[in-house]
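A.B. asks: Okay, handing you the structure first.
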C-alpha cells in the first residue's frame, strides 16, 4: 500500500477527520473507531512505514515519539495499567499497513493474548 492510498496517512495529513487526542512533531494519537477495550487509542507515526520494525529501520526517532505520546496520554489520563500492541502482518491481525501502536486500557487483559 502506498502512502497516497493509506487511510492513516490521510488521517495524519488531516484529509480524513479523526478525534486527535495528542500529537508531537513525529506522531499523533487518535481514538480507535472499533475499540476492543474501554480505552483504545492508536498512536500513528507521521511517516508511512509498513510496520514498527520498518519504522525503526528508517526513523528510530519517530518510533520513540510513539512512546512519548503513550507517556503523555497515560500521565494525563492517570492510566496505570495498560497494554501496548504492535501487530505486524495480516496473520498477526494487522489490517492497516502503516505502523501503529495500540494503547489498550480500562479492563483486565488475559495472558497469553489472542
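The values are calculated or read from the model by the stated rules, or taken from the named source; none is laboratory data. All values reported here derive from a predicted model rather than from experimental measurement. Note that each Cβ is placed from the backbone with ideal geometry, even for glycine, and that neighbours are counted across all protein chains shown.
A.B. asks: Across region 8-20, which residue is farthest from residue 50 (Cα to Cα) among those that are in contact (Cβ under 8 Å) with a residue 12 or more places away in the chain and surrounded by 14 or more Cβ atoms within 10 Å (Cβ to Cβ)?
C.D. replies: Applying the first criterion (in contact (Cβ under 8 Å) with a residue 12 or more places away in the chain) to region 8-20 yields 8-9, 11-12, 18-19.
Now narrow it down to the ones that are surrounded by 14 or more Cβ atoms within 10 Å (Cβ to Cβ): 8-9, 11-12, 18.
Details: 8: 11, 9: 11, 11: 16, 12: 15, 18: 20 Å.
Checked region 8-20; the qualifying residue farthest from residue 50 (Cα to Cα) is 18.
A.B. asks: Would you pick out the residues in region 30-64 that are surrounded by 20 or more Cβ atoms within 10 Å (Cβ to Cβ) and more than 20 Å from residue 16 (Cα to Cα)?
C.D. replies: 55, 63, listed by residue number.
A.B. asks: Still on this model: Determine, yes or no, whether residue 101 is under 17 Å from residue 52 (Cβ atoms) and surrounded by 16 or more Cβ atoms within 10 Å (Cβ to Cβ).
C.D. replies: Working: under 17 Å from residue 52 (Cβ atoms): yes; surrounded by 16 or more Cβ atoms within 10 Å (Cβ to Cβ): yes.
So residue 101 fits the description; yes.
A.B. asks: Going by the conditions given, is residue 87 under 21 Å from residue 10 (Cα atoms) and modelled with pLDDT of 95 or more?
C.D. replies: yes
A.B. asks: Report yes if some residue within region 55-63 is in a loop (DSSP other than H, G, I, E, B) and without any contact (Cβ under 8 Å) to a residue 12 or more places away in the chain; otherwise report no. First the steps, then the outcome.
C.D. replies: Taking region 55-63 first, the residues in a loop (DSSP other than H, G, I, E, B) are 59.
Within this subset, residues satisfying the condition of being without any contact (Cβ under 8 Å) to a residue 12 or more places away in the chain are none.
No: region 55-63 contains no residue that is in a loop (DSSP other than H, G, I, E, B) and without any contact (Cβ under 8 Å) to a residue 12 or more places away in the chain.
A.B. asks: Residue 79 - would you say it is assigned to a strand (DSSP E or B) and touching a helix residue (DSSP H, G or I) at 6+ places or on another chain (Cβ under 9 Å)?
C.D. replies: Numbers: assigned to a strand (DSSP E or B): no; touching a helix residue (DSSP H, G or I) at 6+ places or on another chain (Cβ under 9 Å): yes.
So residue 79 fails the test.
A.B. asks: Follow-up. How many residues does region 104-114 contain that are closer than 29 Å to residue 5 by Cβ and surrounded by 15 or more Cβ atoms within 10 Å (Cβ to Cβ)?
C.D. replies: Here is the first cut: in region 104-114, the residues closer than 29 Å to residue 5 by Cβ are 104, 114.
Then keep just the ones that are surrounded by 15 or more Cβ atoms within 10 Å (Cβ to Cβ); that gives 104.
Number satisfying all stated conditions: 1.
A.B. asks: Still on this structure, I have one more. Could you pull out the residue among 99, 68 that is part of a helix (DSSP H, G or I) and either in contact with a strand residue (DSSP E or B) (Cβ under 8 Å, 6 or more places away or on another chain) or touching a residue at least 60 places away in the same chain (Cβ under 8 Å) (or both)? If you could, list the steps in order and put the result at the bottom.
C.D. replies: Values: 99 fails: part of a helix (DSSP H, G or I).
Just a single option satisfies the conditions, and that option is 68.
A.B. asks: Taking region 30-45 as the region of interest, how many residues are assigned to a strand (DSSP E or B) and closer than 12 Å to residue 8 by Cβ?
C.D. replies: 5
A.B. asks: Name the residue, out of 34, 2, that is more than 12 Å from the chain's Cα centre (by Cα), closer than 20 Å to residue 109 by Cα and modelled with pLDDT under 95.
C.D. replies: Working: 2 fails: closer than 20 Å to residue 109 by Cα.
Just one listed residue meets the conditions, 34.
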